[in-house]
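Heads up: the structure comes next, in structure tokens.
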Amino acid sequence: NYKNSEICLNEMGACWVLGKRVIPIIIPPINYKTVGAITEPLQCLNLLTDSGINQLCDELIEDMAIDIKDVKLSRLDSMKREFLNNYKKI
């Protein structure tokens, strides 16, 4: 649906033109092979993996200049497990 949406493609193009950072996220049924030409597939984060969620958190902490001391890792792990469990139920 994303690739068929003119608005979505315009937004992605605007980010590239403005030099903004884009963090593509994939969840099934989309996978690295089906992403297509939107971006380099290896740059995509799979939010259904522990490492994908961790990488997204790292990216956001860096981009938003969050002090790592303010991040509660136990809370993050709890929310990550809850997200993954809820997704399995869908």
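The values are calculated or read from the model by the stated rules, or taken from the named source; none is laboratory data. Quantities reported herein were computed from a predicted structural model and do not represent experimental measurements. Note that we place each Cβ from the backbone using ideal geometry, even for glycine, and neighbour counts take in every protein chain shown. Just the protein is used for accessible areas: all its heavy atoms, side chains included, with ligands, DNA and RNA removed. Shrake-Rupley method; radii C 1.70, N 1.55, O 1.52, S 1.80 Å.
Annotations
- One residue alone among Gln55, Gln43 is within 14 Å of the chain's Cα centre (by Cα) and at pLDDT below 85, and that residue is Gln43.
- Qualifying position, being of a type in the set (S, T, N, Q) and in a loop (DSSP other than H, G, I, E, B), among Asn10, Asn31, Asn85: Asn31
- The number of residues in the range 1-20 being under 21 Å from Asn31 (Cα atoms) and among the basic types (Lys, Arg) comes to 1.
- Test result for Tyr32, of a type in the set (Ser, Thr, Tyr), touching a Pro at 6+ places or on another chain (Cβ under 6 Å) and loosely packed, with under 13 Cβ neighbours inside 10 Å: yes
- The residue list Asp70, Asp63, Asp50 contains one member that is open to solvent by 100 Å² or more (accessible area, probe 1.4 Å) and at pLDDT below 90, which is Asp70.
- Among the residues of the range 13-28, those identified as part of a loop (DSSP other than H, G, I, E, B) and free of Cβ contacts under 8 Å to residues at least 12 places away in the same chain are Gly19, Lys20.
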